[in-house]
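The values are calculated or read from the model by the stated rules, or taken from the named source; none is laboratory data. Given the structure is predicted, the values throughout are model-derived calculations rather than measurements. No Cβ is skipped: glycine too gets one built from the backbone with ideal geometry, and neighbour counts run over all protein chains shown.
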Amino acid sequence: MLYAPECGPCLKRQIQEAIELVGAKGDLADKITQVTEELFAQQDKFSDGLEFAAAIHQVIAEIAGSDDVYKELKDASTCQALILYPKVKEAIQKQDSPLVGALKVAAAGNIVDAGAVGLDIPIAEVVHAAVTEPFGRDDSARLIAELTAAQSILIIGDNAGETVFDRLLLEIIQEQLGKKDVYYAVKSAPIINDATAEDAVAAGLDKVATIFDVGAALPGMVFQRTSREFQRLFAKADVVISKGQGNFEGRAGMAHRPVYYLLRVKCGPNARALKVPPGTQVLVRLP
């Protein structure tokens with residue numbers, strides 16, 4: 001991610017929300033504010049915005065003494081998504097193309113993003129509307145053709161809760177196109193509300209995919225920081241689908257092979273990069 005002017009205020013909002021989530025008050029809140037302000041003064045030392053954001057959230061977790069600051073929010077998002085799941089799947093199965101409907105819902109599920117959106121996330125409203133909402137950029141026909149021919153699929157996951165709609169997508173893929181070897185990549189440790197293996201299992205993804213640890217815990221994809229095992233899987237998978245803004249922001253590291261980016265655009269820098277308005281659902285193949 002190239003650090004844009006809008007990223008600073010967004011990160012500062014995240015700091016205040018994290019202070020709220022850990023219940024920090026008085027001296028503890030002041031210490032978090034002071035240390036993160038010191039990091040802002042040193043931001044030029046970081047290779048990119050994803051590394052900087054990771055440092056911000058890691059220092060908050062250390063000061064607060066919490067190894068998963070967003071756990072309650074992640075659990076609540078997953079629970080809410082699981083409640084929505086049966087009716088959303090029923091609506092998808094009534095579409096002329098259930099697979100396109102499932103792709104739209106998986107993109108809409110990317111609204112569950114505490115980093116970009118905040119703590120008040122309108123999951124039900126966005127997901128129900130998504131079934132009939134067009135993609136702002138739409139490579140779905142090409143993706144479906146590649147999925148049809150593929151034996152192996154890698155999905156690079158993003159946020160907890162969103163994981164439920166990714167599970168739904170994988171169920172529809174296998175119902176429509178037959179059995180595939182499916183891998184679902186997650187973060188190696190908690191960072192913001194990004195999904196870990198524990199979050200993926202809570203969403204039921206272990207029933208439809210092999211859960212695969214990327215070997216890094218950053219709020220997005222910094223490919224050079226991932227494990228060799230993940231890099232080998234990334235290289236050999238027939239189709240790669242990358243979910244969410246953070247992974248899209250790390251696209252430069254994944255440019256050596258075609259990747260389908262499936263997300264809901266939530267901020268100005270990504271809207272400009274994709275040439276669509278904020279709030280747009282996107283499915284685009286790069287390069």
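Between LEU103, LEU73, which is buried (at least 24 other Cβ atoms within 10 Å of the Cβ) and either touching a Ser or Thr at 6+ places or on another chain (Cβ under 8 Å) or part of a helix (DSSP H, G or I) (or both)?
Result of the check over LEU103, LEU73: LEU103.
Close Cβ contacts (under 8 Å, 6 or more residues apart or on different chains) running from residues in segment 86-99 that are in the same structural domain as GLU175 (by TED's automatic domain parsing) to residues that are of a type in the set (Phe, Trp, Tyr) and not in a loop (DSSP other than H, G, I, E, B) comprise VAL88/PHE165.
Candidates ALA124, ALA108, ALA114: the one that is at pLDDT below 95 and more than 16 Å from the chain's Cα centre (by Cα) is ALA124.
So which residues in segment 19-30 are exposed (fewer than 14 other Cβ atoms within 10 Å of the Cβ) and part of a helix (DSSP H, G or I), if there are any at all?
Listed by number, the residues that qualify are GLU20, GLY26, ASP27, ASP30.
Scanning segment 181-203 for residues that are buried (at least 19 other Cβ atoms within 10 Å of the Cβ) and in a loop (DSSP other than H, G, I, E, B) yields PRO190, ILE191, ILE192, ASN193, ALA195, ALA203. Sub-6 Å Cβ pairs linking a first residue in segment 155-176 that is closer than 12 Å to GLY204 by Cβ and in the same structural domain as PRO258 (by TED's automatic domain parsing) to a second residue that is surrounded by fewer than 24 Cβ atoms within 10 Å (Cβ to Cβ) and of a type in the set (Phe, Trp, Tyr), at least 6 apart or interchain, are VAL164/TYR85, ordered by first then second residue. Those strands (runs of 3 or more DSSP E) of segment 212-287 that lie entirely within it include none in which at least 2 residues are acidic (Asp, Glu) and surrounded by fewer than 17 Cβ atoms within 10 Å (Cβ to Cβ).
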